[in-house]
1. Is there any pair linking a residue in region 266-280 that is in contact (Cβ under 8 Å) with a residue 12 or more places away in the chain and closer than 23 Å to P240 by Cβ to one that is open to solvent by less than 30 Å² (accessible area, probe 1.4 Å) and assigned to a loop (DSSP other than H, G, I, E, B), with Cβ under 7 Å and at least six apart or on different chains, and which?
2. Taking only region 267-278 into account, find how many residues are part of a loop (DSSP other than H, G, I, E, B) and modelled with pLDDT under 95.
3. Give me a count of the residues in region 75-103 that are over 15 Å from the mean Cα position of the chain (by Cα), more than 17 Å from G34 (Cβ to Cβ) and open to solvent by 10 Å² or more (accessible area, probe 1.4 Å).
4. I'm trying to understand the selection: among the residues of region 36-59, which are open to solvent by 10 Å² or more (accessible area, probe 1.4 Å) and in contact with a helix residue (DSSP H, G or I) (Cβ under 7 Å, 6 or more places away or on another chain)?
5. Sort through V106, V129 and tell me the only one that's farther than 11 Å from L53 by Cα and buried (at least 21 other Cβ atoms within 10 Å of the Cβ).
6. Considering each of S232, S190, S285 in turn, give the residue that is under 20 Å from V168 (Cβ atoms) and hydroxyl-bearing (S, T, Y).
Amino acid sequence: MAKCFSFTASRDWCYRYSFSTSGLKSSTTDLGDGTIMHCWTPKTHKHYKPNLLLIHGIGANAMWQWNEFISPLSSKFNVYVPDLLFFGDSYTTRTERTETFQAQCVMRTMEAHGVRRMFVVGLSYGGFVAYSLAAQFPQAVERVVIGCAGVCLEEKDMKEGLFNVKSVDEAITILLAQTPEKLKELIRLSFYKPIKGLPSCFLSDFIDVMCVENFQERKELVYALHKDRKLSDLPKISQPTLIIWGEHDQVFPLELGHRLKRHLDDNARLVVLKNAGHAINMEKSKELYKHLKSFLIDPVPPKIQSNGNSRKVD
């Protein structure tokens, strides 16, 4: 019998509706070099609001990872939510696969929308891109939130047993799951209290809709993230930084959060969420929002300038 209903496609439609009713619109930007970037942008840009860029991780598109936060954040910010290259409707014919290139494409997209100053939040792989964005464009990025992103990992960490997997290839079979069994393994690693008893038909449907397209390119993104990585090569960003981590993260162990805090010293604050794994945006959405609000929203500026993001925060 032919499949006539897709739970994943239906859910995707619901997220699109949610983003739209929260004041965002779907926008596509041709960067002119074989690169197309899709981004959710404000229907009406309010100059008195600061600008906030939300960057997703590896998995589904941006909507699936940020939906719970769009409505409350849109009331406080001009919110921009891009699909990174090879996710959603973003794609490039160029061969670059580093987070450096991803960050450059995101910045060019923001500039195309007239955004010059912003706060940036990145989860998991998106945290690598957010960190690179802050390092490359310090005049554009005012504050940074890095969530469960092993920015400080080194290539040798894999061999030294820091991770649950023994090789990048093994990690890819889980992170970019192509079978229900591997997707269940990813769920077990991502959640402190993973959902049990998920029907294989639902998992297969998710894989068909979200995980098959651009599989090879996504593999190359993971390889580029890991290859020849050394902490000594990682620049120290100058912006105030909030590092937020799940206590029981099995994808990027908490040690990497402490390592990043040491790397940035007094310029960063580390928050550890109890009883949480890697998927803090899903398991601890209320706590995550609380910390985002405390770090980005609560400080009241003496003067809000027309660029929308100039605020003094102690």
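1. That search, which allows pairs on different chains as well, returns I280/C148.
2. Looking only at that region, the number is 0.
3. Qualifying residue count, region 75-103: 2.
4. Those that are open to solvent by 10 Å² or more (accessible area, probe 1.4 Å) and in contact with a helix residue (DSSP H, G or I) (Cβ under 7 Å, 6 or more places away or on another chain): W40, I58, G59.
5. None of the other options fit; the residue is V129.
6. S190
Okay, residues lined up against (1) in contact with a helix residue (DSSP H, G or I) (Cβ under 9 Å, 6 or more places away or on another chain); (2) modelled with pLDDT under 95; (3) hydrophobic (A, V, I, L, M, F, W, C):
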residue: V251; (1), (2), (3): yes, no, yes
residue: R262; (1), (2), (3): no, no, no
residue: D265; (1), (2), (3): no, yes, no
residue: I280; (1), (2), (3): yes, no, yes
residue: S285; (1), (2), (3): yes, no, no
residue: L292; (1), (2), (3): yes, no, yes
residue: S306; (1), (2), (3): no, yes, no
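The values are calculated or read from the model by the stated rules, or taken from the named source; none is laboratory data. Treat the numbers as computed from the prediction; the structure is a model and nothing was measured. As a convention, Cβ positions derive from the backbone with ideal geometry for all residues, glycine included, and neighbour counts pool all protein chains shown. To get the accessible areas, we keep the full protein, side chains included, count just its heavy atoms, and leave off ligands, DNA and RNA. Shrake-Rupley method; radii C 1.70, N 1.55, O 1.52, S 1.80 Å.
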